[in-house]
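All remarks here apply to the structure that follows.
A short reminder: the numbers here are calculations on the coordinates, not readings from a lab. Note that the structure is a prediction, hence the values are computed from the model and not measured. Every residue, glycine among them, receives a Cβ derived from its backbone with ideal geometry; neighbour counts consider all protein chains shown.
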Amino acid sequence: MTTTTAAESRSTDPVAGENRSTENRTVDSRTADLERRIAQDPGGFRVLTGDRPTGALHLGHYFGSLRNRVRLQDLGVDVIVLIPDYQVITDRDTAERLGEYTDGLLLDYLALGIDPARSTVFCHSAVPALNQLMLPFLSLVSVAELNRNPTVKDEIAHSRQSTVSGLMLTYPVHQAADILSCKGNLVPVGRDQAPHLEVTRTIARRFNERYGQVFPEPDILLSAAPLLLGTDGTKMSKSRANSVPLSATADETARLLKSATTDADRHITYDPATRPNVSSLVLLAALCIDRDPHEVAAEIGDGGAAALKRTVTDAVNGHLATFRARRAEYAKDLTYVRSVLRAGNERANALAETTLDEVREAMGAFR
Ligand code: TRP
């Protein structure tokens with residue numbers, strides 16, 4: 001559950017194959033180098049990462065990032081998981097069902113093996129000193145730089161809001177405050193977050209140059225996120241009704257997977273480029289049972305979509321059985337679950353206050 005699986009190392013990297021660009025190879029060798037350094041000195045790393053509380057975490061999150069956090073924790077890295085509640089209002093007017101989503105995230109983290117004795121979970125709105133870093137940090141980036149951020153541009157293009165808020169444009173700066181308030185130096189995220197990490201590195205570097213050394217320049221740890229499609233054939237997403245949530249029961253999971261889009265060819269193969277829907281289901285099964293997706297597809301052969309869906313449902317439900325049992329246990333004790341967040345908020349406050357003191361000290365005139 002916590003190591004790189006056969007299925008992952010063989011075929012889940014969306015850029016794997018003959019067409020790897022030089023840039024991708026550079027990224028891979030940088031990731032391998034970081035992994036070596038982490039293995040040598042796990043205590044030298046502090047991870048900061050998080051999930052917006054805008055819905056239930058799903059299988060895409062699980063294989064893309066969640067189990068990697070548990071792996072890093074188990075290696076001895078200081079893992080801090082942020083529930084970035086203020087980020088919810090970057091692309092929507094209000095934060096709906098925040099309490100419910102936050103409880104859900106906490107249950108998922110605990111059931112997956114995030115251990116509150118070793119790792120920390122906190123939320124933005126409970127840490128004033130973090131939010132205060134936003135002011136000096138905003139002074140370190142230009143409006144042109146903010147306007148150029150490709151991930152923000154994409155979010156603006158797909159936003160359901162009619163105007164672009166100041167927060168939409170500046171939340172990457174706030175994300176720098178997330179990371180730098182606790183001096184995280186390792187940020188495991190997907191490729192879409194790379195521009196934000198560049199903002200963080202720029203802010204850290206400029207602050208250090210202008211006022212003296214305070215911040216690390218954090219490294220991004222790119223996850224080889226498998227591309228799992230939602231049941232409607234588009235990217236699996238928390239806020240679209242197309243995901244298989246981790247919190248779903250075995251029956252709900254079976255129903256959701258049964259409704260997944262496939263194609264007319266009865267012969268099952270693994271070929272993401274030409275058969276994205278079928279291949280995504282094959283890949284999901286392969287990830288769950290730690291097998292090569294080509295082999296999984298070959299075994300289903302002419303069984304068609306029905307056999308494929310049976311295979312993937314059994315694989316998912318088998319893989320998640322222990323997780324679900326643990327999640328159900330934690331769900332009986334929400335008082336405990338919420339106390340984990342309270343303790344995490346306390347630690348995050350202590351870290352952020354120390355950092356803010358250092359920032360004021362470095363900047364001189366401010367108190
Ligand atoms: N922007 C991230 C996302 O949408 C969530 C996030 C907020 C984050 N603050 C962070 C991730 C700090 C890593 C580090 O998924």
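A few points about this structure:
- Separation in nanometres of the label points that stand 7 Å from Cα toward Cβ, at ASP154 and GLU252: 2.8 nm
- In degrees, nearest ten, helix 334-363 long axis to first principal axis of the chain (Cα): 40 degrees
- If you look at the Cα atoms of the chain, you get an Rg and a Dmax of 21.1, 74 Å.
- 3J(HN,Hα) along the stretch 305-322: 4, 5, 5, 4, 5, 5, 4, 5, 5, 4, 5, 5, 5, x, 5, 8, 4, 5 Hz, from the Karplus curve 6.51 cos²θ - 1.76 cosθ + 1.60 with θ = phi - 60°, whole Hz, x for Gly and Pro.
- Relative to the dominant Cα principal axis of the chain, helix 194-211 is inclined by about 20°.
- Amide H contacts for GLY230 (H built 1.01 Å from N in the peptide plane; partners 5 or more residues away or on another chain; cut-off under 5 Å): LYS235, MET236.
- Label-to-label distance, nm, for residues given as ARG360 and ALA298 (7 Å Cα→Cβ offset): 6.6 nm
- Debye intensity ratio in log₁₀ form over the Cα atoms of the stretch 237-314, taken at each q of 0.13, 0.14, 0.16, 0.21 Å⁻¹: -0.36, -0.42, -0.55, -0.93
- Too-long pairs where the Cα-Cα distance tops 30 Å, listed order kept, from LYS235/LYS309; LYS153/LYS258; LYS153/LYS309; LYS238/LYS332; LYS153/LYS238: LYS153/LYS258; LYS153/LYS309
- Over the chain, DSSP H runs of length four or greater, each weighted -39,500 (n - 2.57), average out per residue to a 222 nm ellipticity of -16500 deg cm²/dmol.
- Here SER162 and SER259 are evaluated by their C-beta separation; at R0 = 45 Å the FRET efficiency comes out at 0.85.
- Whether the stretch 253-298 is rounded, prolate or oblate, judged on the alpha carbon gyration tensor where a/c under 1.5 counts as rounded: oblate
- Model label points for ALA328 and VAL143, set 7 angstrom from Cα along the Cα-to-Cβ axis, are 5.7 nm apart.
- Less than 5 angstrom separates the built amide H of ILE220 from those of VAL187, all sequence-distant by 5 or more or on a different chain.
- Cα-based helix-to-principal-axis angle, 166-181 vs the chain, degrees rounded to 10: 80 degrees
- Compactness of the stretch 102-145 - radius of gyration and Dmax, Cα, Å: 15.8, 43
- Spin-label proximity, MET134 to the stretch 198-233 - amide N less than 20 Å from point 7 Å beyond Cα toward beta carbon: 198-204, 207
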